[in-house]
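S.K.: Please see the structure below; I have some questions.
The values are calculated or read from the model by the stated rules, or taken from the named source; none is laboratory data. Only a predicted model underlies this, so the values are computations on that prediction, with no experimental measurement involved. FYI the Cβ positions are ideal-geometry reconstructions off the backbone, even for glycines, and counts take in every protein chain you see. Ligands, DNA and RNA are stripped out before the accessible areas are found, and what is left, the full protein with its side chains, is counted by its heavy atoms. Shrake-Rupley method; radii C 1.70, N 1.55, O 1.52, S 1.80 Å.
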Amino acid sequence: MAENTVHSAHRAFRTVGLRVGRRCAFVLGSLTSFSLLGLAAADELNGASSSDPTDEAATAADVESITSLFNFDRWRQRGSDIRSGTINQCFENLSQVLSNVGPIYAAENSASSGALTLLPTAGALIGTPAKELWMLYKMAPLAGVLSMMLSLGGNIVPDSSVDYERDGFTYGGIIGSNGPAPGEGVGIPVGQMDPFTFAREVERRAHKTLGSRKRSVAAIGIFCQLFWIGVIVFACWFTESGSIIVWWCQGWGWMLAWYLVVILSSLLENFALVPFTKQWTIRVSTAPNSISISKDAPMIFAPQYPEGSDATCEDGITPAPDRDAASLGLLQSGVDIKRTAVEEIRNYGPTVSDRGRIEFLRNLENHGFNTVGQVRIDQPWAASRQSFLVVLSMAGVTHSHAALRVCSKAISVGVFAAGTATFASASLITMSVALTTLCLVLAAGVFGRVASMWMVSEMMKEHPVIHRVVRKEEEADEFMYEILNTEGLTFELLGHVFINRRCIKRYNRWFNWSSVFGILVSPFNLRKLALGS
């Protein structure tokens, strides 16, 4: 009995031991297999990280970008290699290059692109609008256009007529000004002068002998402007040489295209924001005291002779009745011309009520005179080397001008948005390239503004522009009547040359040197029309 009991217990212990052993073996085998698999996986990952050529290239690119100097030729050549081939090959090359870029280089590229997004806002950083730059455009249109090109998309002229009526110039605070000279600025302000007083001021200015430095000043200033525009063009070429726009892979001249669009947008906005739809510019110079004008030259206004005097002009030549009647009839719209030409000439000239119906400026611009005459200069005379300008501006804009303002503003906003997106999507730009570009472009904008203001400050010392803002076109006719009735002066207006109320020459007002260089061009040479010359 006892033996059977011992035998049963022994068998039970052996069964339990076998089961425990099997389970331990299973657990140990599982742990061993997992350990072996983990070590194998770790060895495989470690081997891949140490031997993957992509990671090695990215690490080398990071180390090189931080420790080595910038190699422009290599950077430019890489950009040229990426752009080579078709558009699909260009995107493949760019994708491969970007996949080999490490995190440090990628962070530098992102920071550089973000820094360049400041360029579309550079126009607001350079300076505020100033009427001095509008004066520069009137005196020398070429210099004014170059100033707009250097504004980098900003508006350089005020958009309110009130700013143009104020006397004095501040030159943006970047050019020193000592105020008016003794004896100047103590009379009636130009904005408060009536037509007669204004005409006398024009006559006084015409006979004022001043030394002329405008040409030398303008030459230096225009050279500086062209130099800074060249700096901007160089900065654009430098930036786009090795950089790639991710959505315009093969676009080589992308930054030059941006600058060209900015120039066009700036020109459109500056011309549109001028608060005057109608402006009339007269070039004034002195005329010979003893000049005889052909009787066939059209008369723009009847001379102011006393009632009952002989119908002879002050130059001693009897006017041609038919020709004078035709010219007066052209300019006196709405006036009943049933009187003979001699009776018209014997009058004092248009009365105040007649002047409102003359519409001289409108008819002169729409029709004008088709004439070329000859003059006789009886005595030697000294010609004016340079002229000065009289500018009449009518406050207010038309509906079409207002629509142009809206369109120009919308285009400027679109150019700003497109420029920001373009710079933000630029790739492969290092921080050294971004900082160089920012310094060159911003310096060109600032020093270009300084050059423009310096030109204005030097040229305005000789008072080359007399500006008057009027409210209605009839008021402009009043001023024009008084100015052109002044004798002894040569007036160039809308492609016509007037002397002593007669038109002696008509020329193309758009295609001539004065439309490019303004007052830097010599006045009309009367010797071309003189008999015997």
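S.K.: Conditions: (1) open to solvent by 20 Å² or more (accessible area, probe 1.4 Å); (2) of a type in the set (A, V, I, L, M, F, W, C); (3) in a strand (DSSP E or B). Val446 meets all but one. Number of the miss?
M.R.: Among (1) open to solvent by 20 Å² or more (accessible area, probe 1.4 Å); (2) of a type in the set (A, V, I, L, M, F, W, C); (3) in a strand (DSSP E or B), the lone unmet condition for Val446 is (3).
Residue-wise test of (1) buried (at least 17 other Cβ atoms within 10 Å of the Cβ); (2) touching a strand residue (DSSP E or B) at 6+ places or on another chain (Cβ under 8 Å); (3) of a type in the set (Asp, Glu).
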site	(1), (2), (3)
Val372	no, yes, no
Gln379	no, no, no
Ser393	yes, yes, no
Val397	yes, yes, no
Ser408	yes, no, no
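S.K.: How about the stretch 500-533: which of its residues are at positive phi and touching a Phe, Trp or Tyr at 6+ places or on another chain (Cβ under 8 Å)?
M.R.: Arg501
S.K.: Inspect the stretch 203-222 for any residue being open to solvent by 50 Å² or more (accessible area, probe 1.4 Å), under 16 Å from the mean Cα position of the chain (by Cα) and either more than 20 Å from Thr117 (Cα to Cα) or without any contact (Cβ under 8 Å) to a residue 12 or more places away in the chain (or both) and give the result as yes or no.
M.R.: no
S.K.: For the stretch 81-96, give me each residue that is β-branched (Val, Ile, Thr) and touching a residue at least 12 places away in the same chain (Cβ under 8 Å).
M.R.: Hits for the stretch 81-96 are Ile82, Ile87.
S.K.: Restricting the search to the stretch 413-443, which residues are open to solvent by less than 50 Å² (accessible area, probe 1.4 Å), farther than 19 Å from Ala257 by Cα and hydroxyl-bearing (Ser, Thr, Tyr)?
M.R.: If the condition is that a residue be open to solvent by less than 50 Å² (accessible area, probe 1.4 Å), farther than 19 Å from Ala257 by Cα and hydroxyl-bearing (Ser, Thr, Tyr), then Thr430 is the only one that fits.
S.K.: Something else now. Are any residues in the stretch 224-263 outside any loop (DSSP other than H, G, I, E, B) and over 21 Å from Gly153 (Cα atoms), and if so, which ones?
M.R.: Ile244, Ile245, Trp248
S.K.: Of a type in the set (Gly, Ala, Ser) and touching a residue at least 60 places away in the same chain (Cβ under 8 Å): does that describe Gly191?
M.R.: Spelling it out, Gly191 is indeed of a type in the set (Gly, Ala, Ser) and touching a residue at least 60 places away in the same chain (Cβ under 8 Å).
S.K.: Quick one: would you say Leu125 is part of a helix (DSSP H, G or I), surrounded by fewer than 21 Cβ atoms within 10 Å (Cβ to Cβ) and not polar (S, T, N, Q)?
M.R.: Yes; evaluated as a whole, the condition is true for this residue.
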